[in-house]
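Visitor: Starting off with a structure, shown below.
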Amino acid sequence: MSAVIEIRNLTRTFQVGEVAIHALRGVDLTIEAGEFVAIMGSSGSGKSTLMNLLGCLDTSSGGEYLLDGEPVNGLTRNQRAAIRNRKIGFVFQGFNLLSRTDALENVELPLFYDRHNRVQNHRRAAIEALTRVGLADRLDHTSTQLSGGQQQRVAIARALVNRPSLLLADEPTGNLDSRTSVEIISLFQRLNDDGVTVVLVTHEEEIARYARRIVELRDGEIVRDAAVKNRRRASEKSGQSFTEIDGRGEVRP
């Protein structure tokens, strides 16, 4: 496997008046292609800062960040926007869909910003992405005609349509009830099983246990980086909210 994310001694300091706030303090992190990693931490731990850096929404104060082997440090705002469009799919807590636009058009939107025109047939790509998330029969539905879970599925399809190297999800179940949250996590797990690299930012241990690996931050430093034991396996096919994979890799209810 090749590394999608390589971070070495990454720091981020914010200046508030005369006070320096050290949000990240020399973080080292490598995420290989095909991993499913949950980044955890309480408020003020640095997880949101790290997410913004991983997503090329912000720049570090020091250290090195390679995304899919490409150096990110020192890029201009326009260059960061271009790398986001090519390599990163975003899923947010608030869905961020255009309310008067149907699902198909919402998913097509990122393709219009691809200066390299890597996807020739926008409509076909959007239909394929919506089909992949189980919404082939909702192409012409607007946000107001979709449930919260369906809106998040549209958002995931939009994140996938550019075939990114990294799917970055920031509290993607924060606005959903528990049943719908499990359905969305099940979708992330299936996408990961298909080879999509997923990094999920959450403050909930229960949600993090659906990932394969947990990275926990505290006071701007990584305090835990470990494979998930007794990993939860979301299931949309049964009445149970999840099954668990035991230490031998076998699925049990």
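Taken together, the values in this text are just the output of simple stated rules run on the coordinates, not laboratory data. This one's a predicted model, so the numbers in the text were calculated from it and none came from an experiment. FYI the Cβ positions are ideal-geometry reconstructions off the backbone, even for glycines, and counts take in every protein chain you see.
Visitor: To the nearest µm²/s, what D does Stokes-Einstein give for region 64-127 at 25 °C and 0.890 mPa s, using the Kirkwood radius over alpha carbon pairs as Rh?
Guide: For the chosen part, D equals 181 µm²/s.
Visitor: Grab every C-alpha pair in region 59-204, bin the distances at 10 angstrom width from 0 up to the longest one, and report whole percents.
Guide: 11, 40, 35, 13, 1
Visitor: Which whole-number percentage describes the relative contact order of the chain, with Cα contacts under 8 Å and a sequence gap of 6 or more?
Guide: 24 percent
Visitor: While we're here: Considering every Cα-Cα pair within region 1-131, what fraction, in whole percent, is farther apart than 16 Å?
Guide: Pairs farther apart than 16 Å: 70 percent.
Visitor: Any idea what the dipole of the chain comes to, in debye rounded to 20, about its Cα centre with Lys/Arg Cβ at +1 and Asp/Glu Cβ at -1?
Guide: The calculation lands at about 380 debye.
Visitor: Moving to a separate point now. Given the chain, what percent of its DSSP beta bridges are antiparallel, to the nearest 5?
Guide: Here the antiparallel bridges make up roughly 65 percent for the chain.
Visitor: If only Cα atoms are counted, what is the Rg of the chain, and what is its Dmax, in Å?
Guide: 18.2, 56
Visitor: Something else now. With runs of 4+ DSSP H residues as the only contributors, calculate the mean residue ellipticity of the chain at 222 nm using -39,500 (n - 2.57) per run, divided by the residue total and rounded to the nearest 500.
Guide: Computed mean residue ellipticity for the chain: -8000 deg cm²/dmol.
Visitor: May I pose another question? Under the rule a/c < 1.5 gives rounded, and otherwise a/b versus b/c splits prolate from oblate, where does region 131-207 land using the Cα gyration tensor?
Guide: oblate
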